[in-house]
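Contents: one structure, followed by commentary.
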Amino acid sequence: MNLSVSIASALRDALTFWLPLACAGCGDLDVSLCGGCRVQLAPRLSGREREPDLAVVCGLPFEGVAARVIRAFKEEGRTALARDLAPALAAALAAFVPPGALITTVPSSRAAFRRRGYRPVEVLVRRAGRRPQRLLRLRRAPADQRGLGDRARRENVRDVFAVRVVLSGPVVVVDDVVTTGATLAEAVRALRAAGATDVRAVALADTPRRRTSKGEWEVIDT
């Protein structure tokens, strides 16, 4: 573990000691996740076509309690919440993973890994009872996708992934939250180019969206 990751881990531990424990879903004190909020994380599978020729199966809608818990898991260092999020991802994987498929994840940037000290999607996949393989790497760090429209998101991640090995057979690529599907679509394209067949996409959560007057999709504020 390098120095920056060790420092990030120590800071999270210090904050956990000094700040009061609160439910990640509703804010109730003295509990990491209350029973009522845990019920809201029960799997609610959905399958949608995001990009052309890209169907994504998701375990939860990214809204309300689920959105707050996922943000706490990713951005507040509350890795124990993976245990409560994992059943929804496990259900999505069980519904969509073909026999013998390799499972990989959308990779975190180096900056994100240094900031967090862990790779959220890999943690979730392992908690869901699967063993992810690091088949993809980033050629470059894309800009933050938040606030970008569909076309800008696709351009932002174009050719951003490289595949570490020559592939054959089915592969499932996993992300935590899917919005337009641009990142997953680019990951799928890279895996297919490396020889993978029957490449499928799964995400923990699906961001609700609506069409604007210009015909593009925008994220509904959650």
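The values are calculated or read from the model by the stated rules, or taken from the named source; none is laboratory data. Keep in mind that what you see is a predicted model, and the values were worked out from it rather than measured. Backbone-built Cβ (ideal geometry, glycine too); neighbour counts: all protein chains shown.
With the structure loaded, tell me whether Asp198 is in a strand (DSSP E or B), more than 14 Å from Pro107 (Cβ to Cβ) and at pLDDT below 95 or whether it fails that test. Yes; evaluated as a whole, the condition is true for this residue. Does region 51-97 hold any residues that are farther than 28 Å from Ala111 by Cα and of a type in the set (Asp, Glu), and which are they? Hit for region 51-97 is Asp53, nothing else. In the set Ser4, Ser46, only one residue is at pLDDT 55 or above, under 20 Å from Ala182 (Cβ atoms) and small (Gly, Ala, Ser); that residue is Ser46.
No other residue among Ala94, Ala112 is without any contact (Cβ under 8 Å) to a residue 40 or more places away in the chain and either out of contact with any Lys or Arg (no Cβ under 9 Å at 6 or more places or on another chain) or on the phi > 0 side of the Ramachandran plot (or both) apart from Ala94. Comparison of Arg127, Arg164, Arg137 shows that the only residue that is more than 16 Å from Val56 (Cβ to Cβ), basic (Lys, Arg), buried (at least 18 other Cβ atoms within 10 Å of the Cβ) and at pLDDT 90 or above is Arg127. Which members of region 88-107 meet the condition of being more than 16 Å from Gln133 (Cβ to Cβ) and modelled with pLDDT of 95 or more? Those that are more than 16 Å from Gln133 (Cβ to Cβ) and modelled with pLDDT of 95 or more: Ala88, Leu89, Ala90, Ala91, Ala92, Ala94. Residues in region 154-178 that are part of a loop (DSSP other than H, G, I, E, B) and touching a residue at least 60 places away in the same chain (Cβ under 8 Å) were compared, and the one that is farthest from Leu135 (Cα to Cα) is Gly169.
Every listed requirement among (1) surrounded by fewer than 19 Cβ atoms within 10 Å (Cβ to Cβ); (2) aromatic (Phe, Trp, Tyr); (3) in contact with a helix residue (DSSP H, G or I) (Cβ under 6 Å, 6 or more places away or on another chain) is met by Phe73 save one, (1).
Can you tell me which residues in region 97-112 are more than 18 Å from Arg71 (Cβ to Cβ) and surrounded by 14 or more Cβ atoms within 10 Å (Cβ to Cβ)? Listed by number, the residues that qualify are Val97, Ala101, Leu102, Ile103, Thr104, Thr105, Pro107. Among residues of region 49-74 that are of a type outside the set (Val, Ile, Thr) and modelled with pLDDT of 95 or more, those with a Cβ under 6 angstrom from a residue that is assigned to a strand (DSSP E or B) and surrounded by fewer than 19 Cβ atoms within 10 Å (Cβ to Cβ), sequence gap 6+ or separate chain, pair up as Cys58/Ser46.
Scanning region 39-68 for residues that are crowded, with 18+ Cβ neighbours inside 10 Å and farther than 25 Å from Val97 by Cα yields Val65, Arg68.
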